[in-house]
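Before any comments, here is the structure.
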Amino acid sequence: MRFLLDTEQREFATALGGLLGSSDTAGTIRSWASGDPGPGRALWARLAEAGVFGLAVPERHEGLGVLPVELAVAFTELGRHAVPGPLVETVAAATLLGRLGDHAAAGAWLPRIASGGALVSLCVPATSGPYALDADVADAVFLVEGDALRLAEKCGPLQRSSDPARRLSRPTGTTVLVEGPTVQAAAAYTTDVAALTTAAQALGLGRALLDGTVAYAAQRTQFGVAIGSFQAVKHRLADVLLALEFAQPLVHSAALALAADAPSARRECAAAKVAAGEAAYAASRTALQVHGALGYTEELDLSLWIRKARALRDAWGTPAACRSLVLAP
């Protein structure tokens, strides 16, 4: 089966890539990591104008409808440019609120999310772990505990992450917004959306790392020839390319399954997540080695991409957890 994007989806990817390519994403990442969210907020507003967050908001709340395929397209570009912030968590929270029906929380937050006026985070401890991403700069932090959706009133101290631009903290002091069995059902679908968009991010990140490493291998010389001509380097780069090529149809297939509400959607999202996450991590390790290891890359923008790969591999489902879902009877 071939999973090809249509003309409109390809044009959307091109337009979004152009928007991000003209932005100083490396500077935005460094500002975000240092605790200055200003540049990140400005970029967030531009992404909202491009319709990125509206892709997870129902039309009745001023969105474009929940469109998993378009979300995968958008998040591949966001990953390619390593955009910081709780991107996955915001669209996941929007999906969760939208599937809980018309209630006060949906009416209050969904239009703001779609317009870019609200940057939110989401914590589902059973899947994402006990920490919320970038809760210190979020306008709201939602927490799913059992059959209750809660709004966190405050968050604990920041925790260290392998990616300095990902700040983690534990939400506390919560207020119940919605309660009942519908919360668990909505949360299950939401975690699949989070796994899919994280996989798409990892896919784009891995592509960017591979492209940068191939370009560097063609320029750097040793013994009078480009290191890209060495067989060992060629093999490492080829392995990364194959891993990314195998991950891409899994991401597209998972998006189609989610769009159709197929029974296999959870398993397909898990397969996409583990394949794309491992491919991006392999791309980061290869990039690090080909560029000459940590001491040579620390001052390069490349290091921002490398550090994000490990975090994305484990976010919203570790490789072991995803493999367990895929292999479950």
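Please treat every number below as a calculation from the coordinates, not as lab data. Computed from a predicted structure; not experimentally measured. For neighbour counting, all protein chains shown are included, and Cβ atoms are generated from backbone atoms with ideal geometry for every residue, glycine included.
Jot down the radius of gyration and Dmax of region 1-40, Cα atoms only, both in angstrom.
Values for region 1-40 (Cα only, Rg and Dmax): 15.0, 45 Å.
Quantify how much of the Cα-Cα distance distribution of the chain extends past 28 Å, in percent. Mind showing how you got there, number by number?
Values: 20182 of 53956 pairs.
Tail of the P(r) past 28 Å holds 37 percent of the pairs.
Just add up the charged neighbours of ALA132: K/R +1, D/E -1, any other residue whose Cβ is under 10 Å from the Cβ of ALA132. Each step should come with its number before you reach the end.
Working: positive: ARG167, ARG170; negative: GLU89, ASP134, ASP136.
Within the 10 Å Cβ shell, the charges total -1.
Need one number: % antiparallel among DSSP beta bridges in the chain, to the nearest 5. If you can, show how the numbers build up before the last one.
Numbers: 16 of 20 bridges.
Counting only bridges with both partners in the chain, antiparallel ones make up about 80 percent.
Just to confirm a number: summing +1 for Lys and Arg and -1 for Asp and Glu over residues other than THR172 whose beta-carbon lies under 12 angstrom from that of THR172, what do you get? Before the final figure, lay out each step's value.
Details: positive: ARG150, LYS154, ARG170; negative: GLU145, GLU153.
Result for the neighbourhood of THR172: +1.
Tally Lys and Arg at +1 and Asp and Glu at -1 over the other residues with C-beta under 10 Å from the C-beta of GLY228: what net charge comes out? Display every interim value, and only then the final one.
Values: positive: ARG220, LYS234; negative: none.
Around GLY228, the charge tally is +2.
Once fully extended, how much extra length lies between LEU327 and LEU241, figured as 0.36 nm per residue of separation less the alpha-carbon to alpha-carbon distance?
Working: separation 86, 0.36 × 86 = 30.96 nm, distance 2.52 nm.
Here the segment from LEU327 to LEU241 would lengthen by 28.4 nm.
Using alpha carbons only, what's the Rg to Rh ratio of region 13-148 with Rh from Kirkwood? Mind showing how you got there, number by number?
Details: Rg = 14.4 Å, Rh = 15.1 Å.
Reported Rg/Rh (Cα atoms, Kirkwood Rh): 0.95.
Against the empirical 2.2 N^0.38 Å scaling, what ratio does the C-alpha Rg of region 188-327 come to?
Details: Rg = 16.3 Å, N = 140, 2.2 N^0.38 = 14.4 Å.
In units of the 2.2 N^0.38 Å rule of thumb, it is 1.14.
Kirkwood hydrodynamic radius, region 125-186, all distinct C-alpha pairs: what's the number in Å?
On the way: mean 1/r = 0.0821 Å⁻¹.
Final number for the Kirkwood radius of region 125-186 is 12.2 Å.
Would you mind estimating how fast region 35-74 diffuses translationally, via Stokes-Einstein at 10 °C and 1.306 mPa s with the Kirkwood radius over Cα pairs, in µm²/s?
On the way: Rh = 10.8 Å.
Using the Kirkwood radius from Cα pairs, D works out to 147 µm²/s.
Using alpha-carbon positions, what is the distance between the centroids of region 124-155 and region 29-63, in Å?
Here the answer is 19 Å between Cα centres.
Report the Stokes-Einstein translational diffusion coefficient (µm² s⁻¹, integer) for region 171-252, Rh taken as the Kirkwood radius over Cα pairs, at 10 °C with viscosity 1.306 mPa s. Spell out each step's value before the answer.
On the way: Rh = 16.2 Å.
Result for D is 98 µm²/s.
Using 0.36 nm times the number of residues separating ALA108 and GLU145, minus their current alpha carbon distance, what extension gain do you get?
On the way: separation 37, 0.36 × 37 = 13.32 nm, distance 2.09 nm.
Result for the pair: 11.2 nm of gain on full extension.
Using only Cα atoms, find the angle between the long axis of helix 7-21 and the longest principal axis of the chain, and express it within 0 to 90 degrees, rounded to the nearest 10.
Between helix and principal axis, roughly 70 degrees.
Want the number for ALA293 to GLU179: 0.36 nm per residue separation, take away the alpha-carbon distance, what's left? Kindly include the intermediate steps, with their values, before the conclusion.
Working: separation 114, 0.36 × 114 = 41.04 nm, distance 5.00 nm.
Residue separation times 0.36 nm, minus the Cα-Cα distance, leaves 36.0 nm.
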